Ligand SMILES: [Zn+2]
């Protein structure tokens, strides 16, 4: 059997397993699945229902919050939010004792590395993120990408995400891209897929953009679920030989091609700061997202504000770095009026926990800055939801509970032992909550988790697939 046939068979095996488990295999939103809730009513995709009796945090200033209120959802859209909604005959989702809020909007995550968790260590530099990804990344088949993205997105759902930005910087072929996109579609979350050159791609060659228009037309039928972006390698940074690093001349070519296709651009700024170089070459704009704001200067922040550039912070991963890498500059960015958002980055050496991300930012801010620059728990919840949607350019359809927006929301239990008794819901979310308190996850009107259980996903099958792929990958890497 040829390698390609082998991979195709493996993907087909995966696809048939998904079909058996009741998850759609392509453009999953079109498939209706019946499932039973652990609590009360059962819901089908894009059902009409009223979330009843929740503590509503809309993150929309014109709607405000409700200590006790209802949310009416129909055909994937939020149609009304009020203290009490009278909708005879409509199914009810009892949310008594729960916070109802927008789902978390994650803005930078290398989902293809999810299955590498057992290979990574924080104690052993040889098993750090860069040595492991650069050694094994080039051995990834499309089937491994599929298994890895699904594993990461399962954890995303369980942690309350409704949008993820898949920073896919290991796309060797069109089949690799298709595998990641199929996984995103199958899992049912909203997202951006940012296409990046494969691990080990020659730094002196521009990325091949020839397949991107096709990807956009095939995988993004304007249903608002997936959008396409471009991952740029670092520019002018020789601090880490294991990271992709291109010259400003190559960047000019690549960024021009991305812009000709209307694709937003994202790039890490770890290592030497490229911001002045980007500014000098006229490359910055509101279509640029930078990642890891650790070493920016006041002058650079002013430029970022003026150019409308956004900055994504990955607080848990960033706090694992040595002091020489810099500190998370949330206070400085907020003071300068730079657009900010929150991201997971990777899961090799920590878990997916948006509450923990907010908590890290809050504690670090209080430790470093105190009250000199005010930061509230509510502002952090906005950072983790609406600000992410603004960063990804999708705030017209998600990021807040607003009538007319898509129904991307979560219910968080407030009576659990680590949350109760609750007073201020924002304080509780930032200082007390954990992923295990996420009861219900609804994305685009589809209930993906209810009663803390996946409704459309066979997690054991996802886990088994990822473990098998990881073992096969290690064997290929050793061979
Ligand atoms: Zn990253």
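Readers should treat all values here as calculations from the given coordinates under stated rules, not as data from a laboratory. Note that the coordinates shown come from a computational prediction; the quantities given were computed from them, not determined experimentally. Don't worry about glycine lacking a Cβ; one is built from the backbone with ideal geometry, like all the others, and counts go over all protein chains shown.
The mean sequence separation of alpha-carbon pairs under 8 Å and at least six residues apart, normalised by the residue count of the range 143-266, gives a relative contact order of 23 percent. Summarising the strand pairing of the chain, around 40 percent of its internal DSSP beta bridges are antiparallel.
Sorted fewest first by neighbouring Cβ atoms within 10 angstrom, 122, 349, 385, 113 come out as 122, 349, 113, 385. How many angstrom separate the Cα center of the range 184-229 from the Cα center of the range 361-419? The distance from the Cα centre of the range 184-229 to that of the range 361-419 comes to 27 Å. Computed from the C-beta positions of residue 138 and residue 420 and an R0 of 60 Å, the FRET efficiency is 0.75 to the nearest 0.05. In the range 294-319, whose amide N lies under 16 Å from the spot 7 Å out along Cα-to-Cβ of residue 368? List them in ranges. Once the point is set 7 Å along Cα→Cβ of residue 368, 294-302, 311-319 turn out to lie under 16 Å by backbone N, inside the range 294-319. Report the rotationally averaged projected area of the chain based on its alpha-carbon convex hull, in square nanometres. Over all viewing directions, the chain projects a mean Cα-hull area of 21.8 nm².
What length, rounded to one decimal in nm, is gained on full extension from residue 79 through to residue 238, with 0.36 nm per residue of separation minus their alpha-carbon distance?
Numbers: separation 159, 0.36 × 159 = 57.24 nm, distance 5.17 nm.
Fully extending the segment from residue 79 to residue 238 adds 52.1 nm.
Taking a ≥ b ≥ c as the square roots of the eigenvalues of the Cα gyration tensor of the range 113-245, is the shape rounded (a/c under 1.5), prolate (a/b larger than b/c) or oblate? Oblate is the answer for the range 113-245, as a/c is 1.5 or above yet b/c matches or exceeds a/b. Only Cα pairs under 8 Å and 6+ residues apart enter the sum, and on that basis the relative contact order of the chain stands at 21 percent.
Just subtract the alpha-carbon distance of residue 453 and residue 305 from 0.36 nm times their residue separation and send over the number in nm, one decimal.
Numbers: separation 148, 0.36 × 148 = 53.28 nm, distance 4.16 nm.
Contour length minus Cα-Cα distance gives 49.1 nm.
The distance separating the Cα centre of the range 282-297 from that of the range 49-70 comes to 35 Å. Each residue, residue 42 and residue 204, gets one label point 7 Å from its Cα in the Cβ direction; the gap between the two is 6.3 nm. With a ≥ b ≥ c taken as the square roots of the eigenvalues of the C-alpha gyration tensor of the range 341-392, please select rounded if a/c is under 1.5 and otherwise prolate if a/b is larger than b/c or oblate if it is not? Oblate, since a/c reaches 1.5 and b/c is not below a/b. Shape class of the range 252-327 from the Cα gyration tensor (axes a ≥ b ≥ c, square roots of the eigenvalues): prolate, since a/c reaches 1.5 or more and a/b is larger than b/c.
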